[in-house]
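No lab work stands behind these numbers, since they all come straight from the coordinates. Here the structure is a predicted model, which is why all the values come from computation and not from measurement.
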């Protein structure tokens, strides 16, 4: 099973350390392969805090989350909620 979500980052300070860690923890707990990408850049592993933070996603950035595996819809939903939340 494959899934994809388009999400706008709503946090005032973008995807800073705390929400990035929340995202990484959700991805790691799922055991799925999940990527995050924006602006035509190559997708990075959403389970890697360093890879996610290196993207420098700011407020208003539209990102694509993609996942592969059983239960990917639930994982993508949780990840999307973290990104779309406001501070």
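For region 36-87, just say rounded, prolate or oblate: build the C-alpha gyration tensor, square-root its eigenvalues into a ≥ b ≥ c, call rounded for a/c under 1.5, and beyond that prolate if a/b exceeds b/c, oblate if not. Could the numbers behind the result be given before it?
Details: a/c = 1.73, a/b = 1.23, b/c = 1.41.
Oblate.
Quick one: Debye curve from the C-alpha atoms of the chain, no solvent, what's log10 I(q)/I(0) at q = 0.25, 0.26 Å⁻¹? Listed by q, the Debye log ratios stand at -1.32, -1.43.
You can think of it this way: the chain between residue 45 and residue 77 has 9.8 nm of extra reach, that is 0.36 nm per residue less the Cα-Cα gap.
In degrees from 0 to 90, rounded to the nearest 10, what is the angle of the helix 17-30 Cα long axis to the longest principal axis of the chain? Roughly 0 degrees, rounded to the nearest 10. Its DSSP H runs of at least 4 residues, each contributing -39,500 (n - 2.57), put the calculated 222 nm mean residue ellipticity of the chain at -11500 deg cm²/dmol, to the nearest 500. Normalised by 2.2 N^0.38 Å, with N the number of residues, the alpha-carbon radius of gyration of region 18-63 equals 1.07.
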